[in-house]
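Peer 1: Dumping the structure here so I can ask a few things about it.
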Amino acid sequence: MNAFRTLVALVAALAALPALSLNHDRVVPPLAPGKFTVACSNLALDTARLAALGGTAEDYFEGKEVNGVRRYITDILAQPQSVVKFDALVPDVRRIYPQFAGALVTHVAIVCHPTPRTNPDPDYALPGTAGTLPHMQPAGAAPRLLTRSEHLSTLGLPVTGDGNAIAALPTIVYSHGLGGSPVGKGYIDVMTRLAAHGYVVAAVFHADARFSRVRIEDLDGFLYFLANFGNVAEMQLMRPVALKAMTDTVLAGGFAPAVDTTRIGGFGASLGGQAMAHLLGARMTTSLTLSCGDTVRDPRIRAAVGFVPYAGQSFLPAFCDNQEGAEEVNKPYLALSGTSDTTAPINLMRQALNRMGSSRYMVELRGGEHELRVEDIDDLFTWMVTFLNAYLDVRTDPTAMARFIRQGGVSGGRVDELTVDVHVPFASGNGESLALEFYNTDLQHYFFAAGADEIANIVAGNAGRSWELTGEAIKVFPRLPADTFTGVAPVCRFYGAAAGGPNSHFFTADAPECELVKRSGGWFYEGIGFYMLPAGAGGIGCPDGWLSVNRAYNNGFARNDSNHRFSTSESTMAEMRRKGWAVEGTAMCARP
């Protein structure tokens, strides 16, 4: 009983400690417009030929049938030799590509990019409801690319090295929604706004109608969907095929000097968001019986954003049964989903996200439907650019991840809320290693193992067969680092089975708390588990650029079953709170 009373007193003392700040705790203002002048590749149309063939320009952009003939943008190009055009080789797998297995399918793309302020090329207004291409590249001319000198000076940075060299920029592989086009309403604006923020943006004219005429907004479309699912699936599978081939083409052509191949990301809307998941590793449902098939992947894409991303319907998830095909996604993914979206239901995307093995995030747009509204634009751009900078510019902009770590919402416009946030640590450096989290299905306890040997033993079942990895991890220092990170301190490790205590481990980087637990009598001090940066005193939390490692407690002292969970994820902490755990705040700080 003495150990139990001591444990009760310890819990009361720990509960009295100040709760410190968590991650994603700031509502930030919308990003200001980008600073760069933008130009786009040639897409001049032959309006006389368009008039002769009939239909609208949008019909050709989207691959629709005109006067009984299936059309594509290649039919109305004024200077076809000057556009970004390529043939995408479809995998020779007739089971999932029933119409085009092994074929070469022609695609056209458009590239928008930062350009010198002195670019004299005129804008080009596309016909119909399409937008305007700023400073469109003239036929036969090379693209006017930005120099390092102008790039750095525009950002307010000192010019180093060869200022006359072409600036190597982060690049976005861009995929529009079902039945749209890169120059359709809203899409070209997204492209040019991204380019104004310093990105090269390359987008395919998917022309979905060439492969399937599916629409799921009405009953006729739904019945077609069921009767022609093979063609519908092929249409979805064609997107990653085309996107990867487009990237190959861009890297082999005149835009190649402007592309930093180590900083390629992706953006997709609706089906484009689904395509991004496939490029990052997700498998796809290829039959009404939920068969699971591989898609084309592109390891060059390091992170991707999906806006109202499509993840299937309740009767037919996009990523196989129970979205298990999403488990192979191995790069960071951010989903911005509308809570009132019936075309791409948010719960299906959340299920897929929670299956991913990579860093994953979901921003819920309150009341958002399946469209890009004016009130969503600032939210989209602020989240998208901040996220992409964090994961693409981790080496070149050390403050990018620091900004993303603290961002929890965007002021003004529609209410937005980050409801999934799981960060998988970057590759270890500076003497760091990973501590992996395990969950015991019998005890319903969590435990962080930091040593490679201990992790291997648990995985091998030597600590019992009930332990399984949760997929969460934090960076730790197995040994006290040199002067790289000032303030790093020992993390005390305790085991609660001694003297009748709970069958659980406890960690603390706070020296006074460590001494308090040592005196409790119910916990055995096992020594220094690893080293971490302690959380700041008085509610200061963690410095910018560090993740708060937050602590939740299961309130188990009354039954002598105390257990703590440590996580850098706010959504994980929210889930523990819903399960009745007490969230105690920040316990220590970790490098991302």
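Peer 1: Between residues in the range 224-243 that are closer than 23 Å to V173 by Cα and residues that are in a helix (DSSP H, G or I), which pairs lie under 6 Å by C-beta distance while being six or more apart or on different chains?
Peer 2: Partner pairs satisfying both residue conditions: V232/F225; M235/D208; R239/A275; P240/A275; P240/H278; P240/L279.
Peer 1: Identify the residue in the range 569-592 that is of a type in the set (G, A, S) and more than 20 Å from the chain's Cα centre (by Cα) and, among all such residues, is modelled with the lowest pLDDT.
Peer 2: Ranking the candidates gives G585 first.
Peer 1: Further, regarding this structure: Can you tell me which residues in the range 310-348 are closer than 21 Å to V385 by Cβ and of a type in the set (A, V, I, L, M)?
Peer 2: Listed by number, the residues that qualify are L334, A335, L336.
Peer 1: Moving on. Give me the residue from the range 558-592 that is of a type in the set (K, R) and in contact with a strand residue (DSSP E or B) (Cβ under 7 Å, 6 or more places away or on another chain) and, out of that set, farthest from P425 (Cα to Cα).
Peer 2: R577
Peer 1: Does E472 satisfy the condition of being within 16 Å of Y446 (Cβ to Cβ), modelled with pLDDT of 90 or more and loosely packed, with under 14 Cβ neighbours inside 10 Å?
Peer 2: Taking the combined requirement at face value, the residue does not satisfy it.
Peer 1: Would a scan of the range 410-432 turn up a residue that is open to solvent by less than 10 Å² (accessible area, probe 1.4 Å) and more than 25 Å from R350 (Cα to Cα)?
Peer 2: Checking the range 410-432: not a single residue is open to solvent by less than 10 Å² (accessible area, probe 1.4 Å) and more than 25 Å from R350 (Cα to Cα).
Peer 1: With respect to T129, is the statement that it is modelled with pLDDT under 95 and of a type in the set (S, T, Y) true?
Peer 2: yes
Peer 1: Across the range 286-310, what is the total count of residues that are of a type in the set (A, V, I, L, M), modelled with pLDDT of 95 or more and in contact with a Pro (Cβ under 8 Å, 6 or more places away or on another chain)?
Peer 2: Residues meeting the conditions: 3.
Peer 1: Would you call L380 at pLDDT below 95 and open to solvent by 10 Å² or more (accessible area, probe 1.4 Å)?
Peer 2: no
Peer 1: Note down all Cβ pairs under 9 Å where the first residue falls in the range 268-286 and is part of a loop (DSSP other than H, G, I, E, B), the second is among the hydroxyl-bearing types (S, T, Y) and open to solvent by 10 Å² or more (accessible area, probe 1.4 Å), and they're at least six residues apart or on different chains.
Peer 2: These pairs meet every condition: S270/Y310; S270/T343; G281/T295; A282/T295; R283/T295.
Peer 1: Follow-up question, since we're still on this one. Taking the condition of being hydroxyl-bearing (S, T, Y) and in a loop (DSSP other than H, G, I, E, B), how many residues in the range 408-444 meet it?
Peer 2: The qualifying residues number 3.
Peer 1: Let me ask something else about it. Does T261 qualify as being hydroxyl-bearing (S, T, Y), touching a residue at least 24 places away in the same chain (Cβ under 8 Å) and either in contact with a strand residue (DSSP E or B) (Cβ under 6 Å, 6 or more places away or on another chain) or open to solvent by 50 Å² or more (accessible area, probe 1.4 Å) (or both)?
Peer 2: Yes; evaluated as a whole, the condition is true for this residue.
Peer 1: Can you list the strands (runs of 3 or more DSSP E) lying wholly within the range 484-544 that have 3 or more residues being modelled with pLDDT of 90 or more and over 23 Å from N555 (Cα atoms)?
Peer 2: Counting at least 3 such residues, we get 524-534.
Peer 1: Could I ask something else about it? Considering the range 274-295 alone, what residues qualify as being under 25 Å from A227 (Cβ atoms) and open to solvent by less than 10 Å² (accessible area, probe 1.4 Å)?
Peer 2: Q274, A275, H278, M284, T285, G293
Peer 1: I want to confirm something. Restricting to the range 296-334 and keeping residues that are among the polar types (S, T, N, Q) and more than 27 Å from M191 (Cα to Cα), which single residue is surrounded by the fewest Cβ atoms within 10 Å (Cβ to Cβ)?
Peer 2: It comes out as S314.
Peer 1: Moving on. Quick one: how many residues across the range 548-557 are buried (at least 24 other Cβ atoms within 10 Å of the Cβ) and either not β-branched (V, I, T) or not in a strand (DSSP E or B) (or both)?
Peer 2: 4
Peer 1: From (1) out of contact with any Gly (no Cβ under 8 Å at 6 or more places or on another chain); (2) open to solvent by 10 Å² or more (accessible area, probe 1.4 Å), pick out the condition that doesn't hold for V517.
Peer 2: Every condition holds for V517 apart from (2).
Peer 1: Hey, among the residues in the range 166-192 that are assigned to a helix (DSSP H, G or I) and open to solvent by less than 10 Å² (accessible area, probe 1.4 Å), which one's farthest from P134 (Cα to Cα)?
Peer 2: Looking at residues that are assigned to a helix (DSSP H, G or I) and open to solvent by less than 10 Å² (accessible area, probe 1.4 Å), I get V190.
Peer 1: Also, I was wondering about something else. Give all pairs with beta carbons closer than 7 Å in which a residue from the range 64-83 that is over 19 Å from Y124 (Cβ atoms) meets a residue that is part of a helix (DSSP H, G or I); count only pairs at least 6 apart in sequence or on separate chains.
Peer 2: Matching pairs, first to second residue: K64/A209; V66/L53; V66/D59; R70/R210; R71/D59; R71/Y60; Y72/Y60; Y72/R210.
Peer 1: Within the range 84-135, take every residue that is of a type in the set (D, E, K, R) and either touching a helix residue (DSSP H, G or I) at 6+ places or on another chain (Cβ under 8 Å) or without any contact (Cβ under 8 Å) to a residue 12 or more places away in the chain (or both) and give me the one that is surrounded by the most Cβ atoms within 10 Å (Cβ to Cβ).
Peer 2: Checking each candidate, the answer is K85.
Peer 1: So in the range 193-230, with the set limited to residues that are at pLDDT 75 or above and more than 22 Å from A245 (Cα to Cα), which one is most open to solvent (accessible area, probe 1.4 Å)?
Peer 2: R193
Peer 1: Would you check which residues across the range 433-465 are charged (D, E, K, R) and either in contact (Cβ under 8 Å) with a residue 12 or more places away in the chain or surrounded by 15 or more Cβ atoms within 10 Å (Cβ to Cβ) (or both) and list them?
Peer 2: E437, D442, E454
The values are calculated or read from the model by the stated rules, or taken from the named source; none is laboratory data. Note that the structure is a prediction, hence the values are computed from the model and not measured. Positions of Cβ are generated from backbone atoms using ideal geometry, with glycine treated the same way; all protein chains shown enter the neighbour counts. Calculation scope for accessible area: heavy atoms of the full protein, side chains included, ligands and nucleic acids excluded. Shrake-Rupley method; radii C 1.70, N 1.55, O 1.52, S 1.80 Å.
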